[in-house]
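Inspection log for the structure reproduced underneath, given as structure tokens.
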Amino acid sequence: MDTSRVSAALAGKKMIENKGNKELIKLLNQAFNVECNDTFLYSREAELFRKKIKNGAEVAAKFEKLSNTELRHADRVAMEIINLGGSPVWDYELANDGGSLRTRLKMHLDKELYMYNCYDSLLKYDLDDNFAITLKGIREDEKEHIRLITELLKGLR
Ligand SMILES: [Fe+2]
Ligand SMILES: [Fe+2]
């Protein structure tokens, strides 16, 4: 009997069986892709809005910080994919960066919510303890991104 699973069940933790890690690797790769694409997108938008809008430098600094954080997330998720025996595969997506700041922020709000939920779902899997701690930290970062973008949106009204 797998005692760790029994103790997890006793602790009331919801555990999902990793089917040879395949399902987990697939989900982590999906997260890795969004993280990579957002790293590039936030960085590109930072440069666009720096010139385009009145308080551009301020917005650009926030977007650059977001880009750096998503890069760290991508790096950590990629490491875990390799630890599980998989390969991080990034399918570069030429994302639309047009439209107003409001349009862009609304899109990012949806994506950040998606990522928060994605990490929340991943935490229900039977993960390596250290990675679970890291993932909780990443989930908190996404929560902070949701807060930041909501605040930026409010500032536009
Ligand atoms: Fe992220
Ligand atoms: Fe984020």
* To do: Can you tell me which residue among Asn96, Asn130 is over 22 Å from Leu24 (Cα atoms) and exposed (fewer than 13 other Cβ atoms within 10 Å of the Cβ)?
  => Asn96
* Looking only at region 53-107, which residues are of a type in the set (A, V, I, L, M, F, W, C), without any contact (Cβ under 8 Å) to a residue 40 or more places away in the chain and within 16 Å of ligand 1 (Cβ to nearest atom)? -> Phe63, Leu71, Met79, Met107
* Structure fact -> Being within 12 Å of Val34 (Cα to Cα) and part of a helix (DSSP H, G or I) narrows Lys111, Lys106, Lys143 down to just Lys111
* Asked: Mind checking which residues of region 44-55 are surrounded by 15 or more Cβ atoms within 10 Å (Cβ to Cβ) and of a type in the set (Lys, Arg)?
  -> Arg50
* Structure fact -> Out of (1) more than 23 Å from Glu47 (Cα to Cα); (2) away from ligand 2 (no atom under 16 Å from the Cβ), the one Tyr116 does not meet is (2)
* To do: Identify the residue in region 1-43 that is small (Gly, Ala, Ser) and modelled with pLDDT under 95 and, among all such residues, is surrounded by the fewest Cβ atoms within 10 Å (Cβ to Cβ).
  => Gly12
* In this structure, is Ile138 modelled with pLDDT of 95 or more, under 30 Å from Phe49 (Cβ atoms), touching an Asp or Glu at 6+ places or on another chain (Cβ under 7 Å) and surrounded by 12 or more Cβ atoms within 10 Å (Cβ to Cβ)? -> no
* Give Lys111, Lys124 a once-over and let me know the one that is away from ligand 2 (no atom under 15 Å from the Cβ) and touching a residue at least 24 places away in the same chain (Cβ under 8 Å). => Lys124
* Asked: Inside region 127-141, can you point out the residues that are of a type in the set (Asp, Glu) and touching a residue at least 40 places away in the same chain (Cβ under 8 Å)?
  -> Asp128, Asp141
* Structure fact -> Subset of region 56-75, residues under 12 Å from the mean Cα position of the chain (by Cα) and buried (at least 16 other Cβ atoms within 10 Å of the Cβ), comes to Leu66, Ser67, Thr69, Glu70, Leu71, His73, Ala74
* Output yes when any residue across region 102-110 is more than 21 Å from Glu47 (Cβ to Cβ), within 10 Å of the chain's Cα centre (by Cα) and not basic (Lys, Arg), and no when none is. => no
* Please specify each residue of region 127-157 satisfying the condition of being hydrophobic (A, V, I, L, M, F, W, C), touching a Leu at 6+ places or on another chain (Cβ under 7 Å) and within 16 Å of ligand 2 (Cβ to nearest atom). => Leu135, Ile146, Ile149, Leu152, Leu153
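The values are calculated or read from the model by the stated rules, or taken from the named source; none is laboratory data. These figures come from a predicted structure and were not determined experimentally. For neighbour counting, all protein chains shown are included, and Cβ atoms are generated from backbone atoms with ideal geometry for every residue, glycine included.
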